[in-house]
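Accompanying notes for the structure given below.
Read-outs throughout are calculated quantities, based only on the coordinates presented, and are distinct from any laboratory measurement. Every value quoted in this text rests on a predicted model; they were computed, and no experiment measured them. No Cβ is skipped: glycine too gets one built from the backbone with ideal geometry, and neighbour counts run over all protein chains shown.
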């Protein structure tokens, strides 16, 4: 069964400037049974902050919801289309997120920033210190425990520029994986990370990180394979999908193909 719950749209400002329907058409051509849209969530910043190269502005959210719902109706019987958002753990806005959640099929936790992405915040994808790894772990654990999310996206995101799998990263990986097992929360093996590694984006370990997934296997975690598609063509690139699947199967990690939505 071919599924993907991690699909972005042009609204986030760093995905292809194409109609949402292009992703659906490519998914059908490739043979997907389920396609979930989970663009980067807007946040109702009290300061009025905007981050247009990272996430959609809040006024665009209703149109995003309407667009994906329209595609779901149009392609009913051909492919199951789900409506979601990818969110950080920003505790200041959790009440707002709980309200939005009722309009969605699911949320995924992709913890890119420390508590906010306003100026001065730690961006975990470019951080490279042990302190940042610890901060990422604490914040992500708190997000996992909210019960809002159907899975944790790119759980080893903070290793993108981190130089080595050392005692700090091992300890933090164990904590994340142990909590994921306790919560029965799947971890995402992120295919976009493979593309970024090939393109030289990572100066550190990057992701997927095999050492992390060895710990996930030892802790009894389950995995979701996420395309993290920022352009429709990614949904046709099954070489990375096959590589991720082979690694997970080799490690004995069960692969979740049809997600239990919370």
Q.
With a 10 Å cut-off between alpha carbons and a GNM built on the chain, which of 92, 211, 73 moves the most?
A. 73
Q) Tell me, how many Å apart are the Cα centres for the range 188-262 and for the range 22-62? A) 20
Q: For the chain, calculate the relative contact order in percent as a whole number, restricting contacts to Cα pairs under 8 Å that are 6 or more residues apart.
A: 19
Q.
Which of the three applies to the range 3-251, rounded, prolate or oblate, going by the alpha-carbon gyration tensor with a ≥ b ≥ c and a/c under 1.5 meaning rounded?
A. oblate
**Q.** Most fluctuating residue given options 218, 167, 114, as computed from a GNM of the chain linking Cα atoms under 10 Å
**A.** 167
Q: Mind giving me the nanometre distance, one decimal, between the label points for residue 54 and residue 239, set 7 Å out from Cα along Cα→Cβ?
A: 3.2
Q) So how far apart, in nm, are the two label points at residue 197 and residue 74 if each is 7 Å from Cα heading toward Cβ? A) 3.6
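Rounded, prolate or oblate: which fits the range 162-215, taking a ≥ b ≥ c as square roots of the Cα gyration tensor eigenvalues, rounded meaning a/c under 1.5, else prolate when a/b beats b/c? Each step should come with its number before you reach the end.
Working: a/c = 3.38, a/b = 1.47, b/c = 2.30.
Taking the square roots of the gyration eigenvalues as a ≥ b ≥ c, the range 162-215 is oblate.
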Q) If the viscosity is 1.002 mPa s and the temperature 20 °C, what Stokes-Einstein diffusion coefficient in µm²/s follows for the range 53-156 when Rh is the Kirkwood radius over Cα pairs? A) 141
Q: In a Gaussian network model over the chain where Cα atoms closer than 10 Å are linked, find which of 53, 84, 220 has the largest mean-square fluctuation.
A: 53
Q: Determine the gain in length on full extension of the stretch residue 21-residue 166; use 0.36 nm per residue of separation and subtract their C-alpha separation, reporting nm with one decimal.
A: 47.9 nm
Q.
Please state the shape class of the range 198-262: rounded when a/c is under 1.5, otherwise prolate if a/b exceeds b/c and oblate if not, all from the C-alpha gyration tensor.
A. oblate
Q) How large are Rg and Dmax for the range 129-262 when only the alpha carbon atoms are used, in Å? A) 14.1, 39
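Which FRET efficiency, nearest 0.05, do residue 210 and residue 92 yield, Cβ-Cβ r, R0 35 Å?
Values: r = 35 Å, r/R0 = 1.01.
Rounded to the nearest 0.05, the efficiency is 0.50.
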Q. For residue 123 and residue 250 in one chain, what is 0.36 nm times their gap in residues minus the Cα-Cα distance, to one decimal in nm?
A. 42.5 nm
Q) Simple spin-label model, 7 Å along Cα-to-Cβ: residue 29 to residue 262 in nm? A) 3.6
